[in-house]
1. Determine the relative contact order of the chain: mean sequence separation of Cα pairs under 8 Å and six or more apart, normalised by residue count, in whole percent.
2. Taking the Cβ of GLY244 as the center, what net charge do the other residues with Cβ under 9 Å away carry, scoring Lys and Arg +1 and Asp and Glu -1?
3. Largest first, please: the extent of the C-alpha atoms of the range 86-144 along each principal axis, to the nearest Å.
4. For HIS80, list long-range residues whose amide hydrogen, built 1.01 Å from N in the peptide plane, is under 5 Å from its own amide hydrogen.
5. Provide, for q = 0.13, 0.17, 0.20 Å⁻¹, the log10 of I(q)/I(0) from a solvent-free Debye sum over equal Cα point scatterers in the range 136-253.
6. Provide the percentage of antiparallel DSSP beta bridges, counting only those with both residues in the chain; round to the nearest 5.
7. Mind checking which aspartates and glutamates have their Cα closer than 15 Å to the Cα of LYS94? Skip sequence neighbours fewer than 8 apart in that chain.
8. Taking all protein chains as present, what is the carbon and sulfur share of the accessible area of the chain, in % to the nearest whole number, probe 1.4 Å?
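The values are calculated or read from the model by the stated rules, or taken from the named source; none is laboratory data. Everything numeric in this text was worked out from a predicted model, so none of it was measured. Please note: Cβ atoms are built from the backbone with ideal geometry, for glycine as well, and neighbour counts cover all protein chains shown. Keep in mind that these areas ignore ligands, DNA and RNA; they rest on the heavy atoms of the full protein, side chains included. Shrake-Rupley method; radii C 1.70, N 1.55, O 1.52, S 1.80 Å.
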Amino acid sequence: MKLGMITDSLGNLSFDELLETAADLKFDMLEFACGNWSKAPHVKLDHLLEDASARKEFLRRLASKGIAISALNCSGNPLHPGESGKQHDAITRKTIKLASLMGVDRVVMMSGCPGGPGDANPNWVTTGWPPEMQTILDYQWNKVMIPYWRDLVAYANGLGLNKICLELHGHQNVYSVDTLLRLRDAVGPTVGANFDPSHLMWMGADPLRAVRALGDAIYHVHAKDTWIDPEIAGRNGVLETQTGEKMATRSWSYITLGYGHGDDWWNAFCANLKLAGYDDVLSIEHEDPMMSPLEGVTKSVGLLRRVMINRPVRANA
């Protein structure tokens, strides 16, 4: 397995500082955020698309530190029914094109979440009742989601990109094993998972079982932890609308690796990934409001180095 990080985790650093820090922490790979919900602090998307020499220099500087690119990330909502949906779609297509030009074989993003018929905003349906929920879901999947994704997959394939890695995330139509497989069945194996266990944790799924269920549909992995407050979640459940910085009063929060689940859990996570056939990057995503970015990333690196499976299995003589 390889050690990686999404660059927004240290988004406060300049590009030079990011590379120095990544080299000091001995990262193998970096995942670069290119826009949409990210401010893309380390990537000038349009400049890199237009300037071949800038792309070459970008890759040269990474190579000088012994670091490769695991993926480009453009997480957003390209299916938003408003103007922002068009803007997110444009950034998504630019990111796919840049990946093609730079020889990067994976783009990480989310499925998007449309509205219902006539809605001005996205509508994440989380219950089967009342009856209008089924009307909304039918519209979202059959009128919006599947046609959009068939077109985006064709666009990506036309540029030679065959791995789009979707994060199973709340407020997205793809948020679970079954919803990912439903989209994959409809549009083909270009769509796989960017497997982030932290979201499944708060949604009540077992990430270890989800890994085994997805198997070779896992294309990329985020390393992020979740802490569920037993008192608050016990009282209110895990449907949470308070913003992330209000950690003391939320039922759950994203947290530095090891502070939600210890080494034993992360050992089992790596073992299940290996059994599922995944032997690639674990990309740290720091979103812990309690800890500074550098401290959180450094502690996460320490945990992953203890649990990662690095040596190949030798065949029997």
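1. Relative contact order of the chain: 16 percent.
2. With Lys, Arg at +1 and Asp, Glu at -1, the neighbours total 0.
3. 48, 20, 16
4. GLY85, CYS113
5. -0.59, -0.89, -1.08
6. Restricted to the chain, the bridges split so that about 15 percent are antiparallel.
7. ASP46, GLU50, ASP51, ASP105, ASP151
8. For the chain, the apolar C and S fraction of the accessible surface comes to 51 percent.
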